[in-house]
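Q: Next up is a structure, given as C-alpha cells.
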Ligand SMILES: Cc1ncc(COP(=O)(O)O)c(C=O)c1O
C-alpha cells in the first residue's frame, strides 16, 4: 500500500501546477523547487572561483564539496572521491572509454548489449580502433530480456569489460546486474552499468550493484541537466588523467573532470537527496539518511507499480496493441516505463492525438536504436512510450487511458 501524500509531493515540483500531464518522465523528469532554489542561491551568493583563501571562495568550495558528499550518500559510494561529475551520461561515458583506451590490447573483448541506450555502446565501439573485439549480448526476442545464458556464451578469458543497462529506457525491464558482476569478476572482467532509467525509481546502491562503473543523469531524477559517474576507487586511480598534465593520476576525481565541474548544478543536486530524506521522514522512517531515502523509494515504487499496472491492464485488453516489454508488473521486474506499438498505426499518430489534450508522451527509438532495429519496429516509427514518475496520479492515468481509447480505435 502506498501512503504517499501526493499533494505534498506535487507541491515540491512547481511545473506540475498546470494542466499538462507529464508522462515523458524517462525523457526528463520535472525539477524540484529546492534544486532550483539552490542553483539560484549559488549563482547569486557564491559565484566565485573555488579554492582561494577569502571567505566567499571558502564558502563556495564547501558548497561544491557538500554536493559530492550528498551524491556519495545518495548512491552509497564508499569514498566521496569515487564520485565524478559531468554534463551528461553520454559525455561521461565518452570520457571513461577515452581513459580506458590506453589499457586496451589487440584482441581484448568488450561485451555490449543491443538493448542499451547508445550512450553505453558507442564509446565502447570506438575502442575497436585500439584493437578491441566488440561482442553483442542480444536481447532475447521472446522474453525481451537479457538472458544470463546468452552472456555466458560470450564471456571468455579475453573479456575485459561488460557494458549494460540496469533498466531499459524502452522495455522498462530491470536487468540482473549483480549476477552479471559476479560472472564478469570471476573471469577478471569489469562491469559498467548505465542506470539512467533505473535511478528515478529505486534507491541506487552502487556497492550492492556489484558494478565497477555506474552512471546516471540527474535530469531524470528531479534535478538539472547534469550527471554522475561512480567508479571503484582503485579502478579510477589506475586510469590516466584526462586533465592538464600537472593534474596527476592520483587526483581523484578532478583528473576525470577536465575543465572542472559545474559548481551551481552540483550544489543544486544536494536538493535531491534532501527531498528524498524528507519524504522518507514524512512517511515515518527513522534511522540514517539512506534508510529514510529507501522508505521514500519503497513508496514511490508501490505507487508507480499501481499506475503502471493500470495502464498495462488497459493496453493488454486491446487486441491491436503489442506491449514491448513485460506486460505485467511482478516481482520488481520492470520500471513504470511502458512502450507499445499499435497494429496498422504509426506511433506518431498516437502521440499527435495525445498532444491535443496536453498529455506529454513520445514516440521513437529513444536512442536505443539497435533495440528498435533488432525488434523490427522501425516501420511503426519506433514505439509509443509512456513513462510514469512517482508524482503522477491515478486521475492522470485515467485521463490518459480515456484519450488513448480514441486514438487506438
Ligand atoms: C538509459 C539511458 N541512458 C543514457 C541516456 C543519455 O543520458 P544523457 O542525456 O545524460 O547523455 C539516456 C537518455 O535518455 C537514457 O535513457
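A short reminder: the numbers here are calculations on the coordinates, not readings from a lab. Because the structure is a prediction, the values reported are computed rather than measured. Methodologically, a virtual Cβ is constructed for each residue, glycine included, from the backbone with ideal geometry; neighbour enumeration extends over all protein chains shown.
Q: Rounded, prolate or oblate for segment 334-396? Axes are the square roots of the Cα gyration tensor eigenvalues, ordered a ≥ b ≥ c, and the cut-off for rounded is a/c under 1.5. Mind showing how you got there, number by number?
A: Numbers: a/c = 2.47, a/b = 1.41, b/c = 1.76.
In terms of gyration-tensor shape, oblate.
Q: Highest first, please rank the peptides 17-27, 45-55 by the mean number of other Cβ atoms sitting within 10 Å of their residues.
A: Details: 17-27: 17.7, 45-55: 12.3.
Descending packing order for the listed peptides: 17-27, 45-55.
Q: Quick one: give the max-minus-min coordinate of the C-alpha atoms of the chain along each principal axis, largest first, in Å.
A: Principal extents (largest minus smallest coordinate, Cα): 65, 52, 36 Å.
Q: So what is the relative contact order for the chain, in percent, with contacts set as C-alpha pairs under 8 Å and at least six apart?
A: Working: 794 pairs, mean separation 89.3, N = 409.
In percent, rounded to a whole number, it is 22.
Q: Apply the a/c threshold of 1.5 to the C-alpha gyration tensor of segment 36-272 and tell me whether it is rounded, prolate or oblate. It would help to have the intermediate numbers written out before the result.
A: Details: a/c = 2.39, a/b = 1.61, b/c = 1.49.
Prolate shape, in that a/c is at least 1.5 and a/b is the bigger ratio.
Q: Projected area of segment 7-123, taken from the Cα convex hull and averaged over every viewing direction, in nm²? Could the numbers behind the result be given before it?
A: On the way: hull surface 46.7 nm².
Averaged projected area of segment 7-123's Cα convex hull equals 11.7 nm².
Q: Counting helices only, and only those DSSP H runs with n ≥ 4, report the 222 nm mean residue ellipticity of the chain as the sum of -39,500 (n - 2.57) divided by its residues, in deg cm²/dmol to the nearest 500.
A: Numbers: 14 runs with 161 residues, N = 409.
It lands at -12000 deg cm²/dmol.
Q: Shifting gears a bit: Taking the chain as a Gaussian network, where each spring joins two C-alpha atoms under 10 Å apart, which residue of 70, 347, 57 fluctuates the most?
A: It is 57.
Q: Mind ordering 363-373, 58-68 by average Cβ neighbours within 10 Å, highest first? Show your work: numbers first, answer last.
A: Working: 363-373: 20.5, 58-68: 18.2.
Result, highest mean Cβ count within 10 Å first: 363-373, 58-68.
Q: What's the ranking of 286-292, 85-91, 159-165 by average number of surrounding C-beta atoms within 10 Å, highest first? If you can, show how the numbers build up before the last one.
A: Numbers: 286-292: 14.3, 85-91: 20.0, 159-165: 24.6.
Sorting 286-292, 85-91, 159-165 by mean packing, highest first, produces 159-165, 85-91, 286-292.
Q: Any idea how far the Cα center of segment 311-366 sits from the one of segment 210-258, in Å?
A: 35
Q: Nearest-5 percent of antiparallel DSSP beta bridges in segment 45-200? List each step's numbers first, then the result.
A: Values: 1 of 15 bridges.
Of all bridge pairs located within segment 45-200, approximately 5 percent are antiparallel.
Q: Separate question: Once a ≥ b ≥ c are taken as the square roots of the eigenvalues of the Cα gyration tensor of segment 155-253, is the result rounded (a/c under 1.5), prolate (a/b larger than b/c) or oblate (a/b not larger than b/c)? Could you put the intermediate results ahead of the total?
A: Values: a/c = 2.34, a/b = 1.13, b/c = 2.08.
Taking the square roots of the gyration eigenvalues as a ≥ b ≥ c, segment 155-253 is oblate.
Q: Something else now. Rounded to whole Å and sorted largest first, list the principal axis extents of the Cα atoms in segment 213-353.
A: 63, 42, 28
Q: While we're on this one: Can you give the % of DSSP beta bridges in the chain that are antiparallel, to the nearest 5?
A: Values: 21 of 41 bridges.
Of those bridges, close to 50 percent are antiparallel.
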